[in-house]
Amino acid sequence: MVNELKEGWDVNQMAQKVALDIPDGSYVNLGIGIPEKVAAFVPEGREFIYHTENGLLGMGPVPAKGQEDPELINAGKKAVTAIPGACYFHHADSFTMIRGKHIDVCVLGALQVAENGDLANWSTGEPGAIPAVGGAMDLVAGVKTIYVITKHITKTGEAKIVKNCSYPLTGKAVVNRIYTDLAILDVTEKGLKVIELAPGLSFEYLQSVTEAHIFQ
Amino acid sequence: MINKIVTNVEEAVQDIFDGATIMISGFGEAGSPIELIHALIDQGAKDLTIVSNNTGSGEVGLAALIAHKRVKKMICSFPRTANSTVFPELYKKGEIELELVPQGTLAERIRAGGAGIPAFFTPTSVGTPLAEGKETRVFDEITYVMENAIKADFALVKALKADRYGNLVYNKTARNFGPIMCTAAKTAIVQAEQIVELGDIDPECVVTPGIFVKRVVKITNPAQESKLVAENRRYPW
């Protein structure tokens, strides 16, 4: 066990790595929070169309102050804009896009990801907590490629990349690739393959802070 | 002559009965028919089952209906939202039931209810606690869970424009659950900002065909929920 905590990538660098992996022309759904940062790093020459599950394809950036419209919001209920060429639709159509495998990429946060691609990101299962799921289970069941962006370990030092999720699942074997502050990992049939390590980090160090088995 | 326009919100909600299942449009405050909900509070119906994506915020609109103990059960995907305190408090005290449904499954259960489909199979929630106890089937080596349609006695829906046939157009992301809720309720009651003449809505652009709508009431300047919450307003005023 290595005690020294290495720095790794910051959130913007993580978001940039995700953006680099999304092909030109993709229809993309970004989860609430850190995943939203991906939109700031679209590589030159690529065009993505953003889907928000509350009924908008062609979501644009946050409006200027004073220009917010309470009836033009994203899935996090924050004011957004619509780009030229955008369209609105009702919820059943929106989830037809999701469940029907029409959305190419979804980027989500995680509480835990298991080595087989199981994702837990909606509930810690605490007794007395108000359960709330939103569209997370639909997204992981329907979107063609699921990217997770997350800190490698929790604030209290617990592993988030685990053998088996202890929290209630969002979906079974649904994650394709994990972007953390320490590494990029692919979910493969043999387990988690390290695609890239943050600068200055050794494979041994990464394994020491990863509960799941990883390989190079 | 067909004329679905009624003169006021009181008339629009007068026949809602105790124990009714009511779908309420909206995603957060966008598309929430706040004037119809307030009329329902005044009208007094209780023991209601409410189907809505969220549980309202502050103590206006849907949250006020819940605060007045009119709601027996909520069917929704996301009962916690910013400024949402009424539902969590009652839920923790065991005074309100919750059926938690993934958002896309909620939408499809409503769509199915309106389309005469009693149940369907979906990949959403397979292998999670929300699929426990439900029938599953394998199609082409993929496991799906069976979900039942939801139908309602009433729907309360917010639209932008309506004509006397009940044809509707919505505003941006305030459309959300409105169109499917109109189809799945025996009596869909709509508040619209504008009432227009027949033919003013291009037939190519009608979003909800009037056949799905029973009543329309004009609310020219609907209240903005987040503003009322910021002002600490409570309904009844």
query = Each residue of segment B:161-172 in order: what ³J(HN,Hα) in whole Hz does its phi give by Karplus 6.51 cos²θ - 1.76 cosθ + 1.60, θ = phi - 60°, with x for Gly and Pro?
reply = 10, 9, 10, 6, 7, x, 5, 10, 10, 10, 10, 6
message = Give me the percent relative contact order of segment A:49-158, please, defined on Cα pairs under 8 angstrom at least 6 residues apart.
response = 24 percent
remark   = Excluding residues fewer than 8 positions from B:K158 in its own chain, the lysines with Cα under 18 Å of it are A:K77, B:K4, B:K172, B:K186, B:K214, B:K218, B:K227
request  = Calculate one ³J(HN,Hα) per residue across segment B:189-205 by plugging θ = phi - 60° into the Karplus curve 6.51 cos²θ - 1.76 cosθ + 1.60, and present them in order as whole Hz with x for glycine and proline.
outcome  = 10, 10, 9, 10, 6, 10, 10, 10, 5, 4, x, 5, 8, 4, x, 5, 10
note = Expected sort for A:F215, B:F87 with the fewest Cβ neighbours (10 Å cutoff) up front is A:F215, B:F87
note = If amide H atoms are modeled at 1.01 Å from N in the peptide plane, then the residues at a separation of 5 or more from A:N121, or on another chain, having amide H under 5 Å from its own are A:L111, A:T170
query = Kirkwood hydrodynamic radius of segment B:1-124 from all distinct Cα pairs, in Å?
reply = 15.3 Å
message = If amide hydrogens are placed 1.01 Å from N in the peptide plane, which non-local residues have theirs closer than 5 Å to the one on B:G28?
response = B:N54
ask   = Considering amide H positions built from the backbone, and no H for Pro or chain starts, which residues 5 or more places from B:I5, or on another chain, come under 5 Å of its amide H?
value = B:V216
request  = Using only Cα atoms, locate the centre of segment B:1-24 and the centre of segment A:37-85, then give the distance between them in Å, rounded to an integer.
outcome  = 36 Å
task = Enumerate the whole-percent occupancy of each 5 Å bin, from 0 to the last occupied one, for all C-alpha pair distances of chain A.
result = 1, 7, 15, 18, 19, 16, 11, 7, 4, 1, 0
query = When ranked by the protection proxy of mean other Cβ atoms within 10 Å per residue, highest first, what sequence do the peptides A:166-172, B:22-28 form?
reply = B:22-28, A:166-172
key: Overall form of chain B per C-alpha gyration tensor (a/c, 1.5; a/b vs b/c)   = oblate
ask   = What does the average come to when, for each residue of peptide A:84-91, you count the partner chain Cβ atoms lying within 10 Å of its Cβ?
value = 6
ask   = Mind checking which lysines have their C-alpha under 18 Å from B:K73, skipping anything on the same chain fewer than 8 residues away?
value = B:K46, B:K92, B:K93, B:K151
remark   = By Cβ neighbour count within 10 Å, fewest first, B:I150, B:I96, A:I130 rank A:I130, B:I96, B:I150
ask   = Can you work out ³J(HN,Hα) from phi for every residue in segment A:99-107, in order, using Karplus 6.51 cos²θ - 1.76 cosθ + 1.60 and θ = phi - 60°, giving whole Hz and x for Gly and Pro?
value = 5, x, 6, 8, 7, 7, 9, 10, 10
task = Compute the signed sum of charges (Lys and Arg +1, Asp and Glu -1) over the other residues within less than 15 Å, Cβ to Cβ, of B:K172.
result = -2
task = Work out the FRET efficiency for A:K190 and B:C205 from their Cβ-Cβ distance, taking R0 = 45 Å, and round it to the nearest 0.05.
result = 0.25
ask   = Hey, how many Å between the Cα centroid of segment B:169-236 and the Cα centroid of segment B:126-161?
value = 25 Å
query = According to the square roots a ≥ b ≥ c of the eigenvalues of the Cα gyration tensor, what is the shape class of segment B:155-221, taking rounded for a/c under 1.5, prolate for a/b larger than b/c otherwise, and oblate for the remainder?
reply = rounded
query = In what sequence do B:E29, A:E115, A:E7, B:E147 fall when counting other Cβ within 10 Å, fewest first?
reply = A:E7, A:E115, B:E147, B:E29
ask   = Binned at 10 Å from 0, what are the whole-percent values of the Cα-Cα distance distribution for the protein assembly as shown, short to long?
value = 4, 20, 29, 25, 14, 6, 2, 0, 0
ask   = Helix-derived [θ] at 222 nm for chain B: sum -39500 (n - 2.57) over DSSP H runs of at least 4, divide by residue count, nearest 500?
value = -6000 deg cm²/dmol
message = Once you order the gyration tensor axes a ≥ b ≥ c over the Cα atoms, which shape class does segment B:55-165 get: rounded for a/c under 1.5, otherwise prolate or oblate by comparing a/b with b/c?
response = oblate
request  = As a check on your grasp of the helix formula, calculate [θ] at 222 nm for chain A: sum -39500 (n - 2.57) over DSSP H runs of n ≥ 4, divide by the residue count, round to the nearest 500.
outcome  = -4000 deg cm²/dmol
task = Take each of the peptides B:164-171, A:43-50, average the number of other beta-carbon atoms within 10 Å over its residues, and list them starting from the highest.
result = B:164-171, A:43-50
ask   = Expressed as an acute angle from 0 to 90° and rounded to the nearest 10, what is the orientation of the C-alpha long axis of helix A:11-20 relative to the principal long axis of chain A?
value = 70 degrees
message = If I model a spin label as a point 7 Å beyond the Cα along the Cα-Cβ vector, how far apart are those points for B:T85 and B:T220 in nm?
response = 3.5 nm
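Bear in mind that the values in this text are calculations on the coordinates, not laboratory data. In this text the structure is predicted, and so the values were computed from the model without any measurement. A quick note on method: Cβ atoms are made from the backbone with ideal geometry, for glycine too, and the neighbour counts reach across all protein chains shown.
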